[in-house]
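See below for the structure under consideration.
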Amino acid sequence: MYRLILFVICSALWMPVLVANAQQRKVEGVLKTMDGKAVAHASVMLKHSSNRIITFKTSDVEGKFQLVLPDTASWSSLFIEINHLGYSKINKPLEEGRLRYDILLEEQPINLEEVAVRSRPHIDSYGDTLSYDVGSFAREEDRTIGDVLKRMPGMEVSESGQIKYNNQAISNFYVDGDDLLDDKYAIGTKTIPHAMVQKLEVMQNHQPLKVLRNKSLSENVAINLVIKDEAKLKMTGQLKLGAGLPHQYDVELNSILFNKKYKMLNVAKGNNIGNDLSSDFASLGLGSVFVGATGQPSPLLSAGVGAPSLPKSRYYLNNSGALNANNLVNLSSGLQLKSNIQAYIDRNEQEASHRTEVFATGDTIRFQEYQGIIQDPFLTELTLNAQSNKDTYYFNNGLKINYSRETGKASLLSNTEDFSQRLKTRVRDFSNDMRYVPELKNGHIINLSWQLSYYSRPQTLSISPGLNADVLNEGREFTAIEQYAEVPTWSNRVSAGYQLPKGKIRQSYNLTSSTEYQQLQSALRLVQLDQAVTPYLDSNDNDLRWRKNQLSLSGNYELKQGRVEANLSLPLTWQDIRYEDTAFDLDVHRSRLLISPSFRTKIMTTAGDYLSFNYRYGEQTGNIGGIYRGAILTGYRTLRANDAALQETRGHSGALHYNFQRSISMLFMNAGITYNKSMANTIASSVMTDHISQTVLIPFENNVSSFGASAGISKYIFALGATAGLKGSWFTSRTNQFLNGESLPFHNITWALSPVIETRLWRKVSVNYEGTGTWMVSRSARESILKDRQIQRYDQSLSLSYSPKAHLFLRLAGRHQYVTQSDMENLNYFFMDAKARYTLKKWRTDFDLDLTNLANVKQYETFSLTANQFSHSQYHLRGRMLVLKATFNL
Amino acid sequence: MINGIDIMEKCNLILWAVALVAFVGKGTANAQTAEVALASIDYELIHVNDTNNRDEPVKRNMRVYLGQESSHYVDQSAAEAFEKIEERMREMNLQRSGSVSSISIRRPSSRSGMEDLYLYPTDKKLIMIDQISTTEYLIEQDFPELEWIIGDETKEIAGYSVQQASADFGGRHYTVWFAPDLPFSFGPWKLHGLPGLILEAADKSGDVQFVFKDFGRLEGVGRQIVLPEKGVKASPAQFARAKTAFDNNPAAGRQSNAPAGSGTVTSQQIVIIDNGGGNRRTLTGDEAREELDRRKLQNADANNNPLEINVSKK
């Protein structure tokens, strides 16, 4: 070893001689600091003007260096560069003939700020957790974590903001381990800057309750944003101010703080540029604690507002404001307190016309309508949550209070009648959810929960002048219709469970008692020409009282052995329902036993891949919405009542799913088939005319079945730096319609294929392509009467992004829709948008110029086909728009 | 890599061997001064360590902490996985004292290419850290001197401009890509000495590849590049002798190293990190024992293609 070093040193000493002999040109010199100290071990590079390094030497202990010049290069094209840590960078051009360069280096504190931090896209995996390196997937143009998420292979973000991993919707969206946003995480993906996030973790088989971890199987997938250490230190925020033509504004103020103890995400927004702020309040996850005892009754009345199959921002003529305040504090005792407050106010307008054809035997019912709708929704929601999630116990109490109201006014033209309609809705609801899960000394687990909720939604539908006089008012003309309906609902549920998490088969038993009280009240009133208010004569008002008690005992058995997991659940429910409405002499008391066993198994074929199978048999009874006897005008064209006993449904469902993931090669695949069959003892029977449809629920053995198959693949292609994916699905369903006294079986088939690719060309241009092709066929069992109906639809978007220089970014995006349908004219739409962004680093400000709908497409037509109904709609769109925005980073 | 498999076998000889190394080590003496890590770089090491099984190369995330005058190369997959386990165990031990006893050991293997290495070019020193049971040893290795030939080719890796260079080392001919804009003369494993950080390296046969993953700055993080404080100095030969003895009978060595009071072990955990880059499985009891035996057999003939082909052991 020493000999070798000695040899090297000796050789170095002799070098000048040898070099001189060979007529090689060399330059030499010494590196010194200002005060004369030698700078050792610094790399001295000899570079060509093209910035290519020709040769280099490391300075010795005395700071000396010597560089041998190539024979060919001219001196003028060469320079010496020294970039040594702790010293200022030196560039010194060679001077013709000069062989000695003594260089003074200026000491300076090490500052790596100008050194770019970059990485190559990658995903790491640890057991059930995949960890996406966020910085490596981010591009220049990305701002929020949602922007980057879309580029990650295996991940998918729907237009609603819902996140799916390998085609499975996520259950929780954590920020540094805390579930700050509950299931309303869209505001998080839209607001949190990606630069704050180090890693995005995907946790499979996620169990949110620590006390149940490794003791209970879970199929949930959750996402966790790992926040960078430096981003935890202080509060950050952004102020966005935008204004545009014609008469547009878009403003936002947000503040973000994510540290271990305290987390907040508060956002105030307002705009009239078509940005739907209510989508921030949509429940997207599965992990909500507010499951409620029975769920909320669906609204009885509807204004009949349709929506085109376009992103909402294309047709949403709004003026909205929203406040979204999410705050969480972790106390030292381990207790976590959280409040989520949402408020939203809006006024939006929509203009549309619809033409609907309903095919009945030997007859086609047609109606046309034109709608001009103005809606004024107002919504507030407060959620307070206290949680303690420890290895030995879990406690959670969540209180949710919600108040919202909405007035929808419409002027309509139906066939030839001109009228106006107003639907007023007010929702008040609260629910409290408490859960306590302690682990006992013997390792067994107790699971206690209590849920109490109240829900009310009074609705009033007013129509003037009076329509359908022959049906509603014995043929006499009248002034107006007033339909009132509400179903206040109380529900209470108490449950106690005992879990034995040890042994080969883990067992748990649960006893649940639930009660539901409802009262359906409705009144249909007609205002006569003389302003007298009279009731609708053909039917009494509803005053239906409903009580449902359920007591259920369930046993749940889990097995985990090697690569196999299995779960069997056997619930047995005693149900007692009583409903009465004296006006209809209705007093029914029903008791019965329900069984709904389910089985699920999962076989890990390798560490990351699995095959799963689910089967479920369910027995269900209908709800209050299917038994009221008095007629309700649920829309201006639909009069509905029931004439049947309580609906009873039995159903089988089964699914087989395969999941494949390779984090190293960033390859994700999934495939699955599902089958559902359900048998009900009633069917909705409609009698339709061109003006009104009357629906009753009548006894009928109604079988409905569906079968679906889907597969998807997503991969990062290293050679192209591209994320590419392909999804395909096939879905078939068999349903029945009962129309004008006749049962019509239908068979619908849908095929869909969606390719996605995101890549970069010539290092500078980002290309994003997304396409969806859908083929739909609807077939009637009586082909002689109804022809097959087919619709094909191709929806493709392409965007090109280009960054000509740092801090400037341009994008051009196009979306093409093509619809073809037998016997109809083809539909062809093309939308084009452009965007430019300039970042002014000094001001920490981004300037955005958005141009939307360049082609100024203002009308949009759409077809839809469901069983025996064909509709053709025409919507008014937002036209061309220009908005200039400035985003200040506070 | 595992503690507490309760095989009670006696082999005093081995104990002696371990004790000898400890003695020869003469305590701790770190000539190299600690310095702050300024940045770090992650590579994916892809190594065909078994030429009979080329389809399944070893894949590991390796990290180099970069200082002004020193670097530290470490198996990041292992470090992260073990950090997580340790954290979990701390939590568990806090909650139910004594019912679970398990000691994780940081460095599960010192397989060729995944060694824990500290490089001090100024002093021309290379120190490898290895472990026998829970004791860490500082083993001084030959300082790698590489005669780089700068190539003409340049390209871009993840946005950095890089230039090609090549050198022979350890019986292999390496072609590397280094970034002059990143002023660190370090790189993966023992490759270093260029006027810029080495982002990628591959040997001529393609059996050894270091692929760039991340570069990050560590300012304000406060991580130090410092040799383990309690590390015991040993020569490569001394260490190899003790290691062989220990590997032949791990139980004896473990007993001698197990902390007091760990006699009442009620459950054991073994953590398996596979070649796929840190897929972690936690096994218990018999499963763990089987896995260990299987791996031992596998490793015996699997490692026929080490990174350094012509290592002359002194």
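Values in this text are rule-based calculations from the coordinates and carry no lab data. Keep in mind that this is a model prediction, so the values were computed, not measured. Using ideal geometry, Cβ is built from the backbone for each residue, glycine included, and neighbour counts are taken over all protein chains shown.
Only one residue of A:Ala806, A:Asn389, A:Ala138 has its Cα farthest out toward the positive end of the dipole of the protein assembly as shown, where Lys and Arg carry +1 and Asp and Glu -1 on Cβ, and that residue is A:Asn389. Distance between the pseudo-spin-label points of A:Thr582 and B:Ile309 (7 Å out from Cα toward the beta carbon): 10.0 nm. Basic side chains Lys and Arg get +1 at the Cβ, acidic Asp and Glu get -1 at the Cβ, and with that the dipole of segment A:746-890 about its Cα centre reaches some 860 debye. For segment A:100-165, the list of GluC sites (Glu not before Pro) that fall in a loop by DSSP and count at most 11 other C-beta atoms within 10 angstrom reads A:Glu106, A:Glu113, A:Glu114, A:Glu159. Cβ crowding within 10 Å, taken as a proxy for footprinting-reagent exposure, orders A:Asp60, A:Asp429, B:Asp152, A:Asp35 from fewest neighbours to most as A:Asp35, B:Asp152, A:Asp60, A:Asp429.
Inter-part distance, segment B:41-59 to segment A:669-692, computed on C-alpha centroids, equals 55 Å.
Here is how the number arises for chain A: DSSP H runs of 4 or more residues each give -39500 (n - 2.57), the sum is divided by the residue count, and the result at 222 nm is -1000 deg cm²/dmol. Normalising the average separation of contacting C-alpha pairs (under 8 angstrom, six or more residues apart) by the number of residues puts the relative contact order of chain A at 7 percent. Just to be sure I follow: if Rg is taken over the C-alpha atoms of segment A:156-290 and Rh is the Kirkwood radius over the same atoms, what is Rg/Rh? Taking Rg over the Kirkwood Rh, I get 1.01. When both segment B:132-170 and segment A:731-774 are represented by their alpha-carbon centers, they are found 52 Å apart.
Find the relative contact order for segment A:217-285 and round it to a whole percent, using C-alpha pairs within less than 8 Å whose residues are 6+ positions apart.
Dividing the mean separation by the residue count of segment A:217-285 yields 23 percent.
For A:Asn740, the residues whose amide H sits under 5 Å from its own are A:Ser686, A:Val687, A:Met688, ignoring neighbours fewer than 5 places away on the same chain, with H placed 1.01 Å from N. Over segment A:291-351, the reciprocal of the mean inverse Cα-Cα separation, the Kirkwood hydrodynamic radius, stands at 16.2 Å.
Along the charge dipole of chain A, which of A:Gln528, A:Ile401, A:Leu253 sits closest to the positive end, that is, farthest toward it, with unit charges on the beta carbon of Lys, Arg, Asp and Glu (+1, +1, -1, -1)? Most positive-ward Cα: A:Leu253. The local environment of A:Asn623, defined by Cβ-Cβ distances under 11 Å, has a net charge of 0 under the rule Lys, Arg +1 and Asp, Glu -1. Overall shape of segment A:789-890 was characterised from the C-alpha gyration tensor. The equivalent ellipsoid obtained from it has semi-axes of 39, 14, 11 Å, in decreasing order. Shape class of segment A:740-843 from the Cα gyration tensor (axes a ≥ b ≥ c, square roots of the eigenvalues): prolate, since a/c reaches 1.5 or more and a/b is larger than b/c.
Kirkwood hydrodynamic radius of segment A:591-649, from the reciprocal of the average inverse Cα-Cα distance over all distinct pairs: 15.5 Å.
Sorted on the mean count of surrounding Cβ atoms within 10 Å across their residues, most packed first, peptides A:311-317, A:144-150 read A:144-150, A:311-317. Let's test the formula: R0 of 30 Å, r as the Cβ-Cβ distance of A:Asn51 and A:Leu245. What FRET efficiency results, to the nearest 0.05? So the FRET efficiency works out to roughly 0.05. Taking the C-alpha atoms only, the angle from helix A:2-21 to the longest principal axis of chain A is near 70 degrees. Shown for segment A:533-649 is the translational diffusion coefficient from the Stokes-Einstein equation, using the Kirkwood radius over Cα pairs, a temperature of 20 °C and a viscosity of 1.002 mPa s: 119 µm²/s. In summary, the convex hull built on the alpha carbon positions of segment A:341-483 has an orientation-averaged projected area of 14.8 nm². Taking a straight Cα-Cα cut-off under 17 Å and skipping sequence neighbours fewer than 8 places away in the same chain, the aspartates and glutamates within cross-link reach of A:Lys89 are A:Glu81, A:Asp102, A:Glu106, A:Glu107, A:Glu113, A:Glu114, B:Asp181.
What average number of partner chain Cβ atoms lie no more than 10 Å from the Cβ of the residues making up A:51-64?
Other-chain Cβ atoms within 10 Å of each residue's Cβ, averaged: 3.
Three principal axis extents describe the C-alpha atoms of segment A:90-156; from largest down they are 63, 28, 23 Å. Each principal axis of segment A:593-728 carries a Cα extent, and these read 66, 40, 19 Å when sorted largest first. Taking a straight line from the alpha carbon of A:Lys441, these aspartates and glutamates sit under 16 Å away, with near neighbours fewer than eight places off in the same chain left out: A:Asp391.
Over 20 Å apart at the Cα level, from the set B:Lys124/B:Lys204; A:Lys504/A:Lys602; A:Lys269/A:Lys312, are B:Lys124/B:Lys204. Per residue of peptide A:596-608, the mean number of Cβ atoms on other chains within 10 Å of the residue Cβ is 1.
At a Cα cut-off below 20 Å, give the lysines reachable from A:Lys715, other chains included and same-chain residues fewer than 8 away excluded. The reachable lysines, counting only those whose Cα sits under 20 Å from A:Lys715, are A:Lys150, A:Lys164, A:Lys199, A:Lys727, B:Lys59, B:Lys213.
Charge dipole (Cα centre; +1 on Lys/Arg Cβ, -1 on Asp/Glu Cβ; no other charges) of segment A:187-282 amounts to roughly 580 debye. With contacts taken as Cα pairs under 8 Å and at least 6 residues apart, segment A:390-540 reaches a relative contact order of 19 percent. Each Lys and Arg adds +1 at its Cβ and each Asp and Glu adds -1 at its Cβ; summed about the Cα centre, chain A shows a dipole of about 3140 debye. Legend: calculated FRET efficiency, A:His444 to A:Ile505, from the Cβ-Cβ distance at R0 = 22 Å, rounded to 0.05, equals 0.95.
Once the Kirkwood radius over Cα pairs is known for the protein assembly as shown, the Stokes-Einstein relation at 20 °C and 1.002 mPa s delivers a diffusion coefficient of 61 µm²/s.
Rounded, prolate or oblate: which fits segment A:563-627 when a ≥ b ≥ c are the square roots of the eigenvalues of the alpha-carbon gyration tensor, with rounded for a/c under 1.5 and prolate only if a/b beats b/c? Prolate. Between A:Ala709 and A:Asp128, the FRET efficiency estimated from the beta carbon spacing at R0 = 30 angstrom works out to 0.65. Among A:Thr689, B:Thr244, the ranking by other beta carbons within 10 Å of each residue's beta carbon, starting with the fewest, stands as B:Thr244, A:Thr689. In terms of its alpha-carbon gyration tensor, segment A:655-765 comes out prolate; a/c meets the 1.5 threshold, and the first ratio a/b outweighs b/c. One Cα centroid belongs to segment A:484-539, the other to segment A:27-90; the line between them spans 82 Å.
Each residue in B:His47, A:His652, A:His589 was given a count of other beta-carbon atoms within 10 angstrom of its own, and listing them fewest first yields A:His589, A:His652, B:His47. Our summary of shape: the Cα atoms of segment A:210-322 have principal axis extents of 57, 46, 22 Å, ordered from largest down, in whole angstrom.
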